[in-house]
Amino acid sequence: MDMYFYTLVNIIVTIVFIVAVLFVAFRIFAWKQGNEEIVMLPKRRTQFEVEDISFNQVTLVSDIPFVNKGRQNGTIMDLYPRHLLPQEQFDQVSITSWTTDASEERHDGYWKSVIIEPRKGGTVRLRLILNAKTGNIRKDLVGFPDMNIDIVYQVVGRSDWHISKNRLILTAEELQHAMRQ
Amino acid sequence: MANLELVPVHTRILTHRDDIVEAIMHYAGKDIGPEDIVCVAESVVAITQGRITRPEELRPTWQARLLCRFVPAEGSMSSVYGMQSAMELDGKWKVFGAFILGAIAKIFRKDGVFYQISRAAALTDDVTGTMPPFDKHIVYGPKDADKVAERIVQRTGSYGAVVADVNDLKRAAVLGHSRGMDPKRIARILIDNPFGNDDQMTPIVIIKNFASISERK
């Protein structure tokens, strides 16, 4: 009876050992293979420029490069801006922000899914439309503070989908400089 | 003397609220004759059948996480959700077994065994595979493609109909066809992808004068 018991234990231990070895081997393989790693490069973005201006509205544009630093293809399924200017801080303009792939511009705010190969990248074009609440945009922009803008994006690849965000800041000085151009 | 002519038909974006046969009648009915073959893109048939899902709706199993790592990056099965979506249809153990058999077959220089066994893996398009708004969806292959083709023939009075999978990489396959059609011959006719790219929105192609030209030959 003991003989059978020890044989059974040996078989179980062997199976567990083989499974453990295969698991570790796979983890090493997956680690070496890597994943996608798409990152925005807000520090390398272009300065905001005035693309269009009227008496009550101004459109600003900035190009933000991004790159896939990983070793696998990554798909940007969705990407959108989130400007953060609470009314408690500044309440003289209303703001609309939207993004598009600069290499395939759209004008509907829809981000078309795109595959980014390893070590390659692209450019996100960010537009801000500032509308004066009193009707005079130059007057209403006086006192405009630094404004944070998050670029939020959903990425999927060989690993689970995830949402990341990178922040850039439209500073008061940068806005003033753009308006003077 | 009539020549073989390929006529792409522009449509709006078709969704799960559309019936593909009625859509063909609406957009192409007046152009379809009794000597013509109606070809329709397989992804659009699948979309009208509601055979789509999103990565957010799937929970990848360890089998999907494991197998997707061994698929070349270009394939829809290389993403964990592409692989999982095939498992949702075919079953995770069937796909797992098919993959093992496919790997063994490759040792003996026989390609494509995995996709022959797991049809869901062969027909599924991962995200970005179709046009907006379905670019964020995984699109399965069409269901009952032969029956769809038969319905098209009955409704339009055409000589034949096929559901085809064609791309710009000179790959064309007929997934379903009405009675009497030669799928390999139709695939050869469609090899230059008359459906165009997604932005052209031409998921229907009429092969004009097919019957009379076939008789001449």
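The values are calculated or read from the model by the stated rules, or taken from the named source; none is laboratory data. Predicted model only: the values in this text are computed from it and were never measured. A quick note on method: Cβ atoms are made from the backbone with ideal geometry, for glycine too, and the neighbour counts reach across all protein chains shown. Areas reflect the complete protein model, heavy atoms only, side chains present, ligands, DNA and RNA absent. Shrake-Rupley method; radii C 1.70, N 1.55, O 1.52, S 1.80 Å.
From A:Lys139, A:Lys120, A:Lys112, grab the single residue that is farther than 21 Å from B:Met131 by Cα and free of Cβ contacts under 8 Å to residues at least 40 places away in the same chain.
Values: A:Lys120 fails: free of Cβ contacts under 8 Å to residues at least 40 places away in the same chain; A:Lys112 fails: farther than 21 Å from B:Met131 by Cα.
Exactly one of A:Lys139, A:Lys120, A:Lys112 is farther than 21 Å from B:Met131 by Cα and free of Cβ contacts under 8 Å to residues at least 40 places away in the same chain, namely A:Lys139.
Quick one: how many residues across region B:56-71 are under 16 Å from A:Val156 (Cβ atoms) and buried (at least 19 other Cβ atoms within 10 Å of the Cβ)? Lay out the reasoning, then the answer.
Within region B:56-71, the subset under 16 Å from A:Val156 (Cβ atoms) is B:56-60, B:64-65, B:68-69, B:71.
Remaining after also requiring buried (at least 19 other Cβ atoms within 10 Å of the Cβ): B:58, B:60, B:64, B:68.
Selection size over region B:56-71: 4.
Has region A:95-104 got at least one residue that is over 17 Å from the mean Cα position of the chain (by Cα) and assigned to a strand (DSSP E or B)?
The answer is yes; a qualifying residue exists.
Considering only residues that are of a type in the set (Gly, Ala, Ser), free of Cβ contacts under 8 Å to residues at least 12 places away in the same chain and closer than 30 Å to B:Glu215 by Cα, which ones fall in region B:27-78?
Scanning region B:27-78 gives no hits.
All but one of (1) outside any loop (DSSP other than H, G, I, E, B); (2) closer than 27 Å to B:Gln63 by Cβ hold for A:Asn10; which doesn't?
(2)
Does region A:59-94 hold any residues that are part of a strand (DSSP E or B), open to solvent by 10 Å² or more (accessible area, probe 1.4 Å) and within 14 Å of chain B (Cβ to nearest Cβ), and which are they?
A:Thr75, A:Asp78, A:Tyr80, listed by residue number.
Residues being at pLDDT 90 or above, of a type in the set (D, E, K, R) and closer than 21 Å to B:Ala122 by Cα: count how many of those fall in region B:146-181.
3
Only one of B:Glu42, B:Glu88, B:Glu74 is open to solvent by 50 Å² or more (accessible area, probe 1.4 Å) and in contact with a strand residue (DSSP E or B) (Cβ under 9 Å, 6 or more places away or on another chain). Can you tell me which? Explain how you work it out, then say what you get.
Working: B:Glu42 fails: open to solvent by 50 Å² or more (accessible area, probe 1.4 Å); B:Glu74 fails: in contact with a strand residue (DSSP E or B) (Cβ under 9 Å, 6 or more places away or on another chain).
Among B:Glu42, B:Glu88, B:Glu74, only B:Glu88 is open to solvent by 50 Å² or more (accessible area, probe 1.4 Å) and in contact with a strand residue (DSSP E or B) (Cβ under 9 Å, 6 or more places away or on another chain).
Filter region A:95-116 for residues that are farther than 17 Å from A:Leu141 by Cβ and among the hydrophobic types (A, V, I, L, M, F, W, C); which is most open to solvent (accessible area, probe 1.4 Å)? Step through it out loud before you land on a result.
Initial filter on region A:95-116 (farther than 17 Å from A:Leu141 by Cβ): A:98-116.
Now narrow it down to the ones that are among the hydrophobic types (A, V, I, L, M, F, W, C): A:98, A:102, A:111, A:114-116.
Values: A:Trp98: 48, A:Ala102: 26, A:Trp111: 4, A:Val114: 34, A:Ile115: 86, A:Ile116: 11 Å².
Filtering region A:95-116 for residues that are farther than 17 Å from A:Leu141 by Cβ and among the hydrophobic types (A, V, I, L, M, F, W, C), the one most open to solvent (accessible area, probe 1.4 Å) comes out as A:Ile115.
Any idea which of (1) aliphatic (A, V, I, L, M); (2) crowded, with 24+ Cβ neighbours inside 10 Å; (3) within 11 Å of chain A (Cβ to nearest Cβ) is the one B:Val95 doesn't satisfy?
(3)
Output the residues belonging to region A:125-169 that are of a type in the set (A, V, I, L, M), touching an Asp or Glu at 6+ places or on another chain (Cβ under 7 Å) and away from chain B (no Cβ under 14 Å).
Narrowing region A:125-169 to residues of a type in the set (A, V, I, L, M): A:126, A:128-130, A:132, A:137, A:141-142, A:147, A:149, A:151-152, A:155-156, A:163, A:168-169.
Remaining after also requiring touching an Asp or Glu at 6+ places or on another chain (Cβ under 7 Å): A:132, A:155, A:169.
Those that are of a type in the set (A, V, I, L, M), touching an Asp or Glu at 6+ places or on another chain (Cβ under 7 Å) and away from chain B (no Cβ under 14 Å): A:Ala132, A:Ile169.
Please specify each residue of region B:83-92 satisfying the condition of being within 14 Å of chain A (Cβ to nearest Cβ) and under 13 Å from B:Arg119 (Cα atoms). Quick ask: steps written out before the conclusion?
We begin by selecting, within region B:83-92, every residue within 14 Å of chain A (Cβ to nearest Cβ); these are B:83-85.
Residues satisfying the conditions are B:Met83, B:Ser85.
Would you be able to say whether some residue in region A:33-45 is basic (Lys, Arg), in contact (Cβ under 8 Å) with a residue 12 or more places away in the chain and not in a helix (DSSP H, G or I)? Before you say what the answer is, go through the steps one by one.
Step one: list which residues in region A:33-45 are basic (Lys, Arg), which gives A:43-45.
Now narrow it down to the ones that are in contact (Cβ under 8 Å) with a residue 12 or more places away in the chain: A:44-45.
From what's left, not in a helix (DSSP H, G or I): A:45.
Checking region A:33-45: at least one residue is basic (Lys, Arg), in contact (Cβ under 8 Å) with a residue 12 or more places away in the chain and not in a helix (DSSP H, G or I).
How many of the residues making up region A:101-123 are β-branched (Val, Ile, Thr) and more than 13 Å from every other protein chain (Cβ to nearest Cβ)? Give the derivation first.
Our first condition is that a residue be β-branched (Val, Ile, Thr); within region A:101-123, this holds for A:114-116, A:123.
Pick out the ones that are also more than 13 Å from every other protein chain (Cβ to nearest Cβ) and you get A:123.
Residues flagged as β-branched (Val, Ile, Thr) and more than 13 Å from every other protein chain (Cβ to nearest Cβ) within region A:101-123 amount to 1.
Residue check: is B:Ala86 of a type outside the set (Phe, Trp, Tyr), in a helix (DSSP H, G or I) and touching a residue at least 12 places away in the same chain (Cβ under 8 Å)? Lay out the reasoning, then the answer.
Details: of a type outside the set (Phe, Trp, Tyr): yes; in a helix (DSSP H, G or I): yes; touching a residue at least 12 places away in the same chain (Cβ under 8 Å): yes.
Yes.
Just to be sure, is A:Arg158 modelled with pLDDT of 95 or more, among the basic types (Lys, Arg) and open to solvent by less than 50 Å² (accessible area, probe 1.4 Å)? Explain how you work it out, then say what you get.
Values: modelled with pLDDT of 95 or more: no; among the basic types (Lys, Arg): yes; open to solvent by less than 50 Å² (accessible area, probe 1.4 Å): yes.
Criteria not met by A:Arg158.
Looking only at region A:51-106, filter to residues that are out of contact with any Phe, Trp or Tyr (no Cβ under 8 Å at 6 or more places or on another chain) and of a type in the set (Ser, Thr, Tyr); which one of those is nearest to A:Asp150 (Cα to Cα)?
Among them, the one singled out is A:Ser97.
Restricting attention to region B:139-163, report how many residues are closer than 30 Å to B:Glu57 by Cβ and in contact with a Pro (Cβ under 7 Å, 6 or more places away or on another chain).
2
Looking only at region A:117-149, count every residue that is within 29 Å of A:Glu36 (Cα to Cα) and open to solvent by 10 Å² or more (accessible area, probe 1.4 Å) and tell me the total.
Qualifying residue count, region A:117-149: 10.
Taking helices (runs of 4 or more DSSP H) that do not extend beyond region B:1-71, which have at least 3 residues that are more than 19 Å from the chain's Cα centre (by Cα)? Lay out the reasoning, then the answer.
Details: elements: B:20-28, B:42-48, B:62-67.
Passing ranges, in order: B:20-28, B:62-67.
What's the number of the only condition in (1) under 23 Å from B:Ala73 (Cα atoms); (2) open to solvent by 20 Å² or more (accessible area, probe 1.4 Å); (3) touching a Lys or Arg at 6+ places or on another chain (Cβ under 9 Å); (4) not polar (S, T, N, Q) that B:Val139 fails to meet?
If we test B:Val139 against (1) under 23 Å from B:Ala73 (Cα atoms); (2) open to solvent by 20 Å² or more (accessible area, probe 1.4 Å); (3) touching a Lys or Arg at 6+ places or on another chain (Cβ under 9 Å); (4) not polar (S, T, N, Q), just (2) comes out false.
Please work out which one of (1) open to solvent by 70 Å² or more (accessible area, probe 1.4 Å); (2) out of contact with any Lys or Arg (no Cβ under 9 Å at 6 or more places or on another chain) is the condition A:Glu37 fails and give its number.
(2)
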